[in-house]
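Written out below as structure tokens is the structure these notes cover.
All of the numbers you see were taken from the coordinates with simple rules; none came from a lab. Here the structure is a predicted model, which means the values were calculated and not measured. Cβ sites come from the backbone with ideal geometry, for glycine too, and all protein chains shown count toward neighbours.
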């Protein structure tokens, strides 16, 4: 009798996990279709709207790029040299030295001829004390803020306090932006006055050819682990972000390349230094702020302004990145849980936010539980073979299908891979669900558990790069 009860409970839980997997993958397939339509519309819009003509008609508002740096002297110098080559009419560069203990500040002073300069803050967002503000004598629009260590969010608040332009862009010192990326990202702001934030796609530069800070040839790297991360990026941005933007419900974006309307961000309180996922938390807060204030707003994603970054090739680093992202996103979602089924939140609070809560917080629990129970139940004879087969089809076949469609969506964007690289990436899409997806789910479960526990007080949040 006890075995019968255990078998019934096991089968019931496997059914719950199976239904979740089928629902999640079905939603992913639906998102692929929405993204396909949105990418087609975007391509047609690019042909009909010339960015140069639009800029001449509407004008390009001044823009600042905020770049936090911590103990990365060489990368900081390379980053500034690259950003100085970007194509934009009125561009300020603000690098925030977040209490580096190496020679970052000294090297920046030497190479860019930095001198102390008076520059008064235009807002009072919370941040650690400022030691000095420097201006380059050879590039007058380059500023460096030296402050005490406080983390990425704290550094961005310090940069915002000294930012004097209506728009600002955030990026990391490890990113390479395409020269026209800012001009492309500006278009939604010119077309829609309610636009408060725009995210661009982040692509993987491993294996690509780089000359004078520009990606010249897009090529697939040989490392299978990097190929898996390329697939994740395509699915993350071209499926998740593109569909979210098309539904006017983009809840999460990466700070690796994003442009914001400064006044709205300052009014909403700036970045929250308690969270390592500072940009996702800010986006959720902008949703809440605009909804509660009954203000029209739009958060957009466009697939052609490209930021390139180098993915790790070691499993330990990949695990660390995934766990940081999962933990940070979980904390942000839990912090803004008052949006859940709240009157006046529309599709955000009644559909998209609950969906994110399910997939990001409860999803790893249900998925790992399903795998464990299918294996144990199959060995003990508690789970019938047909249910095991259905679970395997949902976990492996449906998951691989949505990943393959993400590869196909990549063909609708600029910077395509060669046909041979595309075939390799398609094979990777089917290989992904034979171990890597399950391992990633286990990492997500571990990170979710950590997010539910209180962090140590006084700890500086480690920022994310994705």
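Can you tell me what the convex hull of the Cα atoms of segment 223-318 projects to on average, as an area in nm²? Don't skip to the end; give the middle numbers.
Numbers: hull surface 29.2 nm².
Directional mean of the projected Cα hull area for segment 223-318 stands at 7.3 nm².
Built from the Cα atoms of segment 80-157, the convex hull projects on average onto 5.5 nm², one quarter of its surface area. Segment 303-369 and segment 270-287 have Cα centres separated by 13 Å. Per the Debye formula on identical point scatterers at the alpha carbon atoms of segment 62-116, with no solvent, log10 I(q)/I(0) at q = 0.15, 0.23, 0.29 Å⁻¹ is -0.42, -0.92, -1.26. Eigenvalues of the alpha-carbon gyration tensor of segment 231-389, scaled by 5 and square-rooted, set the equivalent ellipsoid semi-axes at 33, 21, 15 angstrom, largest first. A full extension of the chain between residue 209 and residue 138 corresponds to an added length of 22.6 nm, given 0.36 nm per residue minus the alpha carbon distance.
Can you tell me what percent of all Cα-Cα pairs in segment 61-339 are more than 31 Å apart? Beyond 31 Å sits 24 percent of the P(r) for segment 61-339.
In whole Å, how far is the Cα centre of segment 226-259 from that of segment 87-102? Cα centroid of segment 226-259 versus Cα centroid of segment 87-102: 25 Å apart.
The calculated FRET efficiency for the pair residue 2 and residue 442, based on their C-beta separation and a Förster distance of 25 Å, comes to about 0.25.
Taking the inverse of the average 1/r across all pairs of different Cα atoms in segment 175-236, what Kirkwood radius in Å do you get? Write down the numbers at each step before the final one.
Values: mean 1/r = 0.0731 Å⁻¹.
About 13.7 Å for segment 175-236.
Where the alpha-carbon atoms of segment 295-356 are placed on the principal axes, they occupy 46, 29, 17 Å, in descending order.
If you stretched the chain out fully between residue 219 and residue 164, how much longer would it get, using 0.36 nm times the residue separation minus the C-alpha to C-alpha distance?
Details: separation 55, 0.36 × 55 = 19.80 nm, distance 3.95 nm.
The residue 219-residue 164 span can extend by a further 15.8 nm.
Taking segment 101-242 on its own, what percent of its Cα-Cα pair distances exceed 24 Å? The proportion of pairs with Cα distances above 24 Å equals 50 percent.
So what is the 222 nm mean residue ellipticity for the chain from helices alone, if each DSSP H run of at least 4 adds -39500 (n - 2.57) and you divide by all residues, rounding to the nearest 500 deg cm²/dmol? It would help to have the intermediate numbers written out before the result.
Working: 17 runs with 225 residues, N = 466.
Here the helix-only value at 222 nm equals -15500 deg cm²/dmol.
In terms of Cα atoms, the Rg and Dmax of the chain work out to 23.0, 83 Å.
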